[in-house]
Amino acid sequence: MKNFTFFLLLIMISSFAAKAQDTLYTKKGSSIICNVTEIGIDEVKYKAYDNPDGPVYVVRKSDVLRITYKNGITEYIQPDEMAMNKEEEIQDKSQCVKVAFLSPLYNHIEFAYERKLQMTKNLELNFGYIGLGTGLSAYEPQGGYVSAGIKFLLGQEFYINGMKYVHPLKGSYLKPELTFSMLEYTRKPILWSTVQNDGRYGTSLAAFNIVFGKQYILGNIFTFDFHFGVGMGLASHWQISGTSNDILFYGNYGSCVYFSEDFPMTLTGGLLIGYIFK
């Protein structure tokens, strides 16, 4: 009888002790038995239930789903609609494919692939086909190009609480870039021009550019990237067919614009829209 009474008393004490603690439930599915000491604007502070005189632990309020207090009342933590760090939800999406949506206006179409190498460093590859577009050029170009570069993120694209970057694809950047283009083009006769050359020519360009830009995250799904750059290039030209030996200069290589052999400067720029994925 005494053993039964002792056992019953032990159960009552244990039940009372369990009810005398708070339980904090996180969005990741874990539960923490504790004594909640403070609920702030951004943080929830608590002490371990078995060490009430020990250190204070802190968890982000955005990571907490609900708190059940020792009196049995449950409080659900509502998300802050004004929070500036919503993009944390897609931190694991570190790749994207993009298209230069204005490129058809300049007789080519361009696609790009970007992925995170490590935080603040991304690899970007660009592929272009020259000859698909509005056909406004008198040269009828046809060819392609490839570019590759490493993006170095600049500035402070992170939120203050915890000092974490909001997304590995977002921010201002500097990108050293190598590009190679090859194409053929025809100079059609133009009635109002004194040049009546209808030959077919070939040209290639190898260039190194320094590109500056900024990429935004739209709706946690899309990217919007605008950029410009300058560099130096080395071009070669040759005649494929035609009656004239004069090779007409052509400077639009899709990936960039090349000035001349006497002034081998290159310019590049564009607007790209992309889709983010894991």
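Contact map, the stretch 87-103: residues that are crowded, with 18+ Cβ neighbours inside 10 Å paired with residues that are among the β-branched types (Val, Ile, Thr) and at pLDDT 95 or above, Cβ distance under 9 Å, separation 6+ or inter-chain. Pairs shown: LYS98/ILE273; ALA100/ILE273.
Quick one: GLY254 ticks every box in (1) surrounded by fewer than 16 Cβ atoms within 10 Å (Cβ to Cβ); (2) part of a loop (DSSP other than H, G, I, E, B); (3) at pLDDT 85 or above except a single one, so which number is it? Of the numbered conditions (1) surrounded by fewer than 16 Cβ atoms within 10 Å (Cβ to Cβ); (2) part of a loop (DSSP other than H, G, I, E, B); (3) at pLDDT 85 or above, the odd one out for GLY254 is (1). Checked against (1) loosely packed, with under 15 Cβ neighbours inside 10 Å; (2) at pLDDT below 85, SER137 passes all but a single condition, namely (1). Once the stretch 44-76 is narrowed to residues that are part of a strand (DSSP E or B) and touching a residue at least 40 places away in the same chain (Cβ under 8 Å), the residue that is nearest to LEU24 (Cα to Cα) is ILE67. Put simply, of ASN126, ASN107 the only residue that is farther than 30 Å from ILE39 by Cα, in the same structural domain as GLY254 (by TED's automatic domain parsing) and modelled with pLDDT of 85 or more is ASN126. A count restricted to the stretch 208-230 and to residues that are over 18 Å from LEU267 (Cβ atoms), assigned to a strand (DSSP E or B) and among the aliphatic types (A, V, I, L, M) stands at 2.
Quick one: which residue in THR203, THR223 is surrounded by 14 or more Cβ atoms within 10 Å (Cβ to Cβ), closer than 30 Å to LYS93 by Cβ and touching a strand residue (DSSP E or B) at 6+ places or on another chain (Cβ under 9 Å)? Spell out how you get there, then give the answer.
Details: THR203 fails: closer than 30 Å to LYS93 by Cβ.
Only one candidate passes the filter, namely THR223.
The residue that is modelled with the highest pLDDT, counting only those in the stretch 31-63 that are of a type in the set (Phe, Trp, Tyr) and farther than 15 Å from GLU75 by Cβ, is TYR57.
The values are calculated or read from the model by the stated rules, or taken from the named source; none is laboratory data. Predicted model, so just to flag it, every value in this text is computed and none were measured. Using ideal geometry, Cβ is built from the backbone for each residue, glycine included, and neighbour counts are taken over all protein chains shown.
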